[in-house]
Amino acid sequence: MTATLERGFKARAERSSVGLRGELGLSASERLNPHQLAAYLEVGLITPVDVPGMTNDLLHQLLTVDPWGWSAVTIVQGDEALIIFNPRHSEGRQASDITHELSHIILGHQPATMVMSPDGSFVMRSYDQKQEDEANWLAQALLLPREALLMMKRRTATVAEIAAAYGVTEALVQYRLRITGIESQMRAAAAWRSRRG
């Protein structure tokens, strides 16, 4: 998943996470509210219901027929950005969705472009895997800093307890524990203690 990340990006993202949290008055161990981060970045957050001119048919499609087919989208006009997020997802998933979109903005990524067929029958969107991987990594570091995960694991917190404490999904906790090396680090420490004991 992170094959496109440039050397050193992960470490920079972890440092950026600590810096942004500091600007928000949060330590690495405190829970980050994506809505607070959006307000700090002056990015609006709305759901499809709040979109002017949204028809009932389209709302029905987005929120009832296919609520799992989309997560969030950022609309940029000039210097202003607005994120439309899916309110049908769990709070933990919404946190990831919103923070992912905010990470694109923080990283200065070029917004995707939409291309519609001449007859309007289908729409294609540009996609940049490198930008997606960068936004994923930064968003995950913002929501679950390595330092916070390490602290929680030293307290023997379960995956469910960590997810509840930081307002994220258990899947994200498991992924971050594995990808940051904390899982391996804790196993090695336990093995070393058992050999000494």
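The table below lists the values:
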item: At q = 0.16, 0.17 Å⁻¹, base-10 log of I(q)/I(0) for the chain (Debye sum, equal scatterers on each alpha carbon); result: -1.10, -1.21
item: Relative contact order, percent, the chain [alpha-carbon distance under 8 Å, six or more residues apart]; result: 24
item: Pair Ser184, Glu23: separation of 7 Å Cα→Cβ label points (nm); result: 3.2
item: GluC sites (Glu not before Pro) within the stretch 1-84: DSSP coil, no more than 16 neighbouring Cβ in 10 Å; result: Glu6, Glu30, Glu42
item: FRET E, pair Tyr127, Arg15, Förster distance 22 Å, beta-carbon r, rounded to 0.05; result: 0.20
item: Efficiency of FRET between Met54 and Ala165 - r from beta-carbon atoms, R0 45 angstrom, step 0.05; result: 0.80
item: Rounded tilt (10° steps) of 170-179 against the dominant C-alpha axis of the chain; result: 60
item: Relative pair counts by distance (%), Cα atoms of the stretch 144-197, 10 Å bins; result: 25, 54, 17, 4
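The numbers here are math on the coordinates, done by the rules we state, and not lab data. Keep in mind the model is a prediction, meaning the values are calculated, not measured. All Cβ positions, glycine included, derive from the backbone under ideal geometry; neighbour counts span all protein chains shown.
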